[in-house]
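Q: So that we are looking at the same thing, I have put the structure below in structure tokens.
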Amino acid sequence: AKHSGRSTFSWYTADMDVDAQKRKEIEADLVKALKFDQFDILYQPQYSLIDNKLKAYEALIRWEHPSKGTISPDNFIPVAEDCGLIEAIGDWVLVHACKEAASWEDTSLCVAVNVSADQFIPGVTEQKVAEALRLSKLAPERLEIEITENILIANTKAVVETLKNIRSMGVSIAMDDFGTGYSSLSYLSRFPFDKIKIDHSFIKNLGKSTYTDAIVTSIVGIGRSLDVLITAEGVENAEQVTLLRAAGCNLVQGFLLGRPASVKSHETLRARQAQD
Ligand code: C2E
Ligand code: CA
Ligand code: CA
Ligand code: CA
């Protein structure tokens with residue numbers, strides 16, 4: 001089973017052979033989680049390498065299970081995707097993240113929301129986005145949708161149409177986990193998006209492998225030529241920041257800059273750091 005390295009109760013992982021009975025239990029628990037409001041959203045900061053300012057927060061869901069404690073998304077999103085509950089959970093995240101962002105004092109801050117392939121439904125997803133904006137009164141320019149390359153596998157034309165519809169509202173699209181999946185240059189040129197997030201597996205080996213350094217530099221180059229911003233995720237140390245800055249990367253996100261937490265706790269931490 002996958003080791004999360006966090007103090008979460010790992011009661012399901014995708015590579016575990018879960019029997020039908022156990023699955024039903026998890027599904028039933030997820031239904032209850034929705035009904036009894038057991039989900040929570042933590043926010044992880046994204047900083048610009050240009051002016052070193054906080055630009056956005058990524059919304060990351062947590063499940064506060066009444067008996068099992070905090071469960072991280074890797075341990076329940078795959079189940080939710082398989083049993084069809086991801087849509088309802090995704091709707092919840094979208095609306096709540098937009099409402100939270102609309103309440104932030106700093107109205108220049110953006111919020112990034114993950115939308116997995118199974119919840120990305122052409123013709124529907126753009127309506128969900130519009131509805132979340134309407135309910136929250138969040139300015140569309142402050143919302144970013146993070147998608148992964150695997151949404152591009154099926155129904156290409158309809159997916160492109162939906163991405164265009166979302167962008168035409170003023171919402172931006174980020175390509176998450178870039179480099180891990182299906183990416184090819186021809187795909188990149190065909191899909192309308194605003195940002196590439198370099199997967200943390202590359203950032204991890206930055207400065208340790210000339211191969212990785214070359215890949216990261218190339219991705220930044222691709223971003224330049226396609227006129228999209230580049231975010232590095234999983235940034236854990238200052239050396240990585242130095243290398244990313246030198247490579248021309250635009251934004252950084254990772255434990256070095258801040259762990260997923262409540263926005264209030266991030267603000268408290270920043271206020272304290274500003275005093276020192
Ligand atoms: P992701 O979108 O790639 O999110 C980044 C993950 O990397 C987060 O894990 C975050 O806590 C972790 N991370 C951030 N900085 C660092 C770092 O410096 N080092 C390391 N080792 N890890 C770092 P998290 O919150 O457990 O989320 C896991 C995945 O679950 C996310 O990966 C995303 O694919 C999915 N997920 C999270 N929230 C949602 C959601 O609301 N909807 C959907 N559909 N998926 C979600
Ligand atoms: Ca993400
Ligand atoms: Ca990612
Ligand atoms: Ca991921």
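The values are calculated or read from the model by the stated rules, or taken from the named source; none is laboratory data. Since this is a predicted model, take the numbers as computed values, not measurements. Here Cβ is always computed from backbone atoms with ideal geometry, including for glycine, and neighbour counts include all displayed protein chains. The area values use the complete protein model at the heavy-atom level, side chains included, leaving out ligands, DNA and RNA. Shrake-Rupley method; radii C 1.70, N 1.55, O 1.52, S 1.80 Å.
Q: Residues in the stretch 165-186: is at least one in contact with an Asp or Glu (Cβ under 7 Å, 6 or more places away or on another chain), part of a helix (DSSP H, G or I) and more than 16 Å from ligand 4 (Cβ to nearest atom)?
A: Yes.
Q: What do you reckon, is SER225 under 25 Å from ASN114 (Cα atoms), more than 11 Å from ligand 1 (Cβ to nearest atom) and in a helix (DSSP H, G or I)?
A: no
Q: Also, quick follow-up: Within the stretch 169-192, restricting attention to residues that are aromatic (Phe, Trp, Tyr) and within 16 Å of ligand 3 (Cβ to nearest atom), which residue is surrounded by the fewest Cβ atoms within 10 Å (Cβ to Cβ)?
A: TYR182
Q: Which of the residues that make up the stretch 91-100 are free of Cβ contacts under 8 Å to residues at least 40 places away in the same chain and of a type outside the set (D, E, K, R)?
A: Passing the criteria: only LEU94.
Q: I'm told VAL79 meets every condition in (1) open to solvent by less than 60 Å² (accessible area, probe 1.4 Å); (2) not in a helix (DSSP H, G or I) except one. Can you identify the failing condition by its number?
A: (2)
Q: I need the full set of residues from the stretch 41-72 which are within 16 Å of ligand 4 (Cβ to nearest atom), within 15 Å of ARG270 (Cβ to Cβ) and surrounded by fewer than 23 Cβ atoms within 10 Å (Cβ to Cβ), in order please.
A: Passing the criteria: only GLN44.
Q: Go through the stretch 193-204 and give me each residue that's open to solvent by 40 Å² or more (accessible area, probe 1.4 Å) and either closer than 30 Å to THR156 by Cβ or at pLDDT below 95 (or both).
A: Correct list: ASP194, HIS200, SER201.
Q: Sticking with this structure for a sec: Working only within the stretch 129-149, note down all residues that are charged (D, E, K, R) and modelled with pLDDT of 95 or more. Show your work before the answer.
A: Of the stretch 129-149, the ones charged (D, E, K, R) are 131, 134, 137, 141-142, 144, 146, 149.
Residues satisfying the conditions are GLU131, ARG134, LYS137, GLU141, ARG142, GLU144, GLU146.
Q: Determine whether the stretch 213-220 contains at least one residue that is open to solvent by less than 70 Å² (accessible area, probe 1.4 Å), in contact with a helix residue (DSSP H, G or I) (Cβ under 9 Å, 6 or more places away or on another chain) and among the charged types (D, E, K, R).
A: yes
Q: Okay, moving on. Could you count how many residues in the stretch 182-207 are touching a Leu at 6+ places or on another chain (Cβ under 9 Å) and over 17 Å from ALA232 (Cβ atoms)?
A: Adding up the residues that qualify gives 7.
Q: Here's another thing I want to ask about it. Kindly list, by first and then second residue, each pair from a residue in the stretch 252-276 that is part of a helix (DSSP H, G or I) to a residue that is hydroxyl-bearing (Ser, Thr, Tyr) and surrounded by 13 or more Cβ atoms within 10 Å (Cβ to Cβ), limited to pairs with Cβ atoms under 9 Å and residues at least 6 apart or on different chains.
A: Hits for this filter: VAL263/TYR43; VAL263/TYR57; HIS266/TYR43; HIS266/TYR57.
Q: So how many residues does the stretch 146-168 have that are away from ligand 3 (no atom under 16 Å from the Cβ), open to solvent by 60 Å² or more (accessible area, probe 1.4 Å) and either touching a residue at least 24 places away in the same chain (Cβ under 8 Å) or of a type in the set (Phe, Trp, Tyr) (or both)?
A: Qualifying residue count, the stretch 146-168: 5.
Q: So in the stretch 142-160, with the set limited to residues that are under 21 Å from LYS99 (Cβ atoms) and charged (D, E, K, R), which one is farthest from ligand 2 (Cβ to nearest atom)?
A: ARG142
Rundown of residues vs (1) touching a helix residue (DSSP H, G or I) at 6+ places or on another chain (Cβ under 7 Å); (2) in contact (Cβ under 8 Å) with a residue 12 or more places away in the chain; (3) within 25 Å of LEU229 (Cα to Cα); (4) open to solvent by less than 20 Å² (accessible area, probe 1.4 Å), yes/no style:
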{"residue": "GLY84", "(1), (2), (3), (4)": "no, no, no, no"}
{"residue": "ILE89", "(1), (2), (3), (4)": "yes, yes, no, yes"}
{"residue": "ALA102", "(1), (2), (3), (4)": "yes, yes, yes, no"}
{"residue": "THR107", "(1), (2), (3), (4)": "no, yes, yes, no"}
{"residue": "CYS110", "(1), (2), (3), (4)": "yes, yes, yes, no"}
{"residue": "VAL129", "(1), (2), (3), (4)": "yes, yes, yes, yes"}
{"residue": "ALA132", "(1), (2), (3), (4)": "yes, yes, yes, yes"}
{"residue": "LEU135", "(1), (2), (3), (4)": "yes, yes, no, no"}
{"residue": "LEU143", "(1), (2), (3), (4)": "yes, yes, yes, yes"}
